[in-house]
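Participant: Pasting a structure below so you can have a look.
Just so it is clear, none of the values below were taken in a lab; they were calculated from the coordinates. As the structure is a prediction and not an experimental result, all values here were calculated from the model. Here the Cβ is made from the backbone with ideal geometry for all residues, glycine too, and neighbour counts use every protein chain on show.
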Amino acid sequence: MSSPYDSGGDPNPKPKSLEVQFDSLTFEESNAVIQNDDGSVEPVQESNHFVHNDEASVEPQQEWSFNGPLEDNGNHEESNFQDEIIEFGSNSRRVGGSGDGDGDGASGVVWRRTNSELEMDRPLSPSSSGYAGERGSSSATSGSRMGDLSEDEVHEVGNDGDIDGVLDSQAAWVPGKRHVDEDDASISWRKRKKHFFILSHSGKPIYSRYGDEHKLAGFSATLQAIISFVENGKDRVKSVRAGRHQVVFLVKGPIYLVCISCTEEPYESLRGQLELLYGQMILILTKSVNRCFEKNPKFDMTPLLGGTDVVFSSLIHSFSWNPATFLHAYTCLPLAYATRQAAGAILQDVADSGVLFAILMCKHKVVSLVGAQKASLHPDDMLLLSNFIMSSESFRTSESFSPICLPRYNPMAFLYAYVHYLDVDTYLMLLTTSSDAFYHLKDCRIRIEMALLKSNVLSEVQRSMLEGGMHVEDLPCDPLPRSATAFPNLGQHRQQTDAPERFRESYVGIGGPAGLWHFIYRSIYLDQYVSSEFSSPINSPQQQKRLYRAYQKLYASMHDKGNGPHKTQFRRDENYVLLCWVTPDFELYAAFDPLADKALAIKTCNRVCQWVKDVENEIFLLGASPFSW
């Protein structure tokens, strides 16, 4: 049995120096027009046309670097960096275009923001699909101001009051299927902004996010006919755009998955969500369910998934708040290094016989994990497993022993998971290949629980949950000594008056220095990420969801295989300044005030990276081997 603490050497080795450059920006007014559905045109009121130049705009940064500091100067080699910089204005439709809002990454493209309020009042065109959701949808980074309701939400009177995706507010959101009395003829069903469907290759409905699957049999048959028609032509359908709706298809043998969305999420994001939805189904049934369809093409799989609506709805809900769903990485609960070491040692000492993985988690965050030698646990499997456990009430009421399948580990076979909640939010998972190991794993759990209580690990976990993680307001001005504790929330009360100049600049505005509102840092080597706590003005779930969608688009753009991958990207629109920096060792996504200065934003991103490096022992599970893809 190996422990994540046994590895020697630096888990984040210092990479080769890399100097990443940004060009300066020049804003130009655009006299373009927008073509309305009725044929009339109207001028664009807010549009930025970005022009690149090579003028130097900031002095070189300090000399520390993981991959070289992120700099904003023009002293670069044209052949090396000219194709690495992408800068965008607000996303929107082009005149006469399809309205997908996704750019091709080329400079000089004018993007325009449509007037959603005018379109909300217009009747649907005869060619529209009839979905009320077509009206007023916009991209995640354009449209309404920060204080308004997110435009990709369904705003209804008289329903259960939930909004499509309340960000990390589990207490305010109750999992489970909604609006089961609806069908494809219901006006309310057509108003939904985002649908998910699972069906068999014979057209039988298996799962629908909204409505009764049996009432949607005709609609499922239509989806199946579209897929079959294209396959009969020796081709495969990936997506269809109808107005503002994007229909994304995913074929997995005899299982078809479809997403119909007008939320302007990128195709790659929607396809990734379908992959996770399929993985959640495999976690419950294993991929061997395909054999049932080989024996009987009209096999009805619905009874096998009875009672799992809550699991699928919880996963779909996480697409609106959990960065792990598109980063393919997991996050750890912030803990003092000694506390995490103690937790790992406890799991290692008692889970060394017949246990494949031992995982201690608090909600969706990892406290510690150990695994057998040469056994790797993919972050997507951890996401699906934690969603399965947290969304099932039966796991909370008693100790459980359940067969589960890890799609990335072995999609054809079951493992067996012993699950026990140690308190309201903290739970222990012990995974084994033996179907009769319940009592052995129960004994392991008792010993683990006693050791965790004795070493005060559980109390430290509770304190970390109450105090939260990294706050942009605490971003240090200067790098701190590695022996110092730069994370004020771990093991001590936040410093309010003691040397405040150490943590704050004279001018910070709203949020952190230089108008920093939020950031996500992903360690590529560890397959782990850390995100800051949300600060003002990103307070409401709608504002947080809008930022999450903006990150999604930024991630998809940075990893676009057709136009990338890219190293840096800078976006400015009416809601944020978004800055992304990708190196071989980490990825950084940061959101600033829309009026933030570009040079200061770049300087602040360098400081964020240094801050993460200073506290990596407390925010990452170090020593964990990288996961194979």
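Participant: Let a ≥ b ≥ c be the square roots of the eigenvalues of the Cα gyration tensor of segment 330-467; is it rounded (a/c under 1.5), or, if not, prolate (a/b larger than b/c) or oblate? Each step should come with its number before you reach the end.
Facilitator: On the way: a/c = 1.45, a/b = 1.35, b/c = 1.07.
Here segment 330-467 falls in the rounded category.
Participant: Another question, then. Suppose every K and R has +1 on its Cβ and every D and E has -1 on its Cβ; what is the size of the dipole of segment 503-599 about the Cα centre, in Debye to the nearest 20? Before the final figure, lay out the partial values.
Facilitator: Working: 11 positive and 10 negative charges, 53 e Å.
In total the dipole reaches around 260 debye.
Participant: Residue separation times 0.36 nm, minus the C-alpha to C-alpha distance between MET450 and THR222: what's the value? Walk me through the intermediate numbers first.
Facilitator: Values: separation 228, 0.36 × 228 = 82.08 nm, distance 5.64 nm.
Here the segment from MET450 to THR222 would lengthen by 76.4 nm.
Participant: Compute the FRET efficiency between SER536 and SER398 as 1/(1 + (r/R0)^6), taking r as their Cβ-Cβ distance and R0 = 56 Å, and round to the nearest 0.05.
Facilitator: On the way: r = 42 Å, r/R0 = 0.74.
Efficiency for this residue pair is about 0.85.
Participant: Would you tally the net charge around ASN410, using a Cβ to Cβ cut-off of less than 12 Å, leaving ASN410 out, and scoring K and R as +1, D and E as -1?
Facilitator: Numbers: positive: LYS287, ARG408; negative: ASP381.
Summing Lys/Arg as +1 and Asp/Glu as -1 gives +1.
Participant: While we're looking at this one, here's another question. How far is it, in nm, from the label point at LYS363 to the one at ARG291 when both lie 7 Å from their Cα along the line to the Cβ?
Facilitator: Placing both labels 7 Å along Cα→Cβ, they lie 4.1 nm apart.
Participant: So, one more: By how many nm would the segment from GLN462 to CYS477 grow when fully extended, if each residue of separation counts as 0.36 nm and the alpha-carbon distance is taken off? It would help to have the intermediate numbers written out before the result.
Facilitator: Working: separation 15, 0.36 × 15 = 5.40 nm, distance 2.94 nm.
In short, 2.5 nm is gained.
Participant: ASP443 to ARG190: extension gain in nm, 0.36 nm per residue of separation minus the Cα-Cα distance?
Facilitator: On the way: separation 253, 0.36 × 253 = 91.08 nm, distance 5.21 nm.
85.9 nm is the gain from fully extending ASP443 to ARG190.
Participant: Could you work out the local net charge near LEU257, counting Lys and Arg as +1, Asp and Glu as -1, over the other residues with Cβ closer than 10 Å to its Cβ? Intermediate results must be reported in sequence, preceding the final value.
Facilitator: On the way: positive: LYS252, ARG271; negative: GLU275.
Charge balance in the 10 Å sphere: +1.
Participant: Sticking with this structure for a sec: Just to verify a number: FRET efficiency for VAL180 and GLU231, C-beta to C-beta distance, R0 = 45 Å, to 0.05?
Facilitator: Details: r = 32 Å, r/R0 = 0.70.
Calculated value: 0.90.
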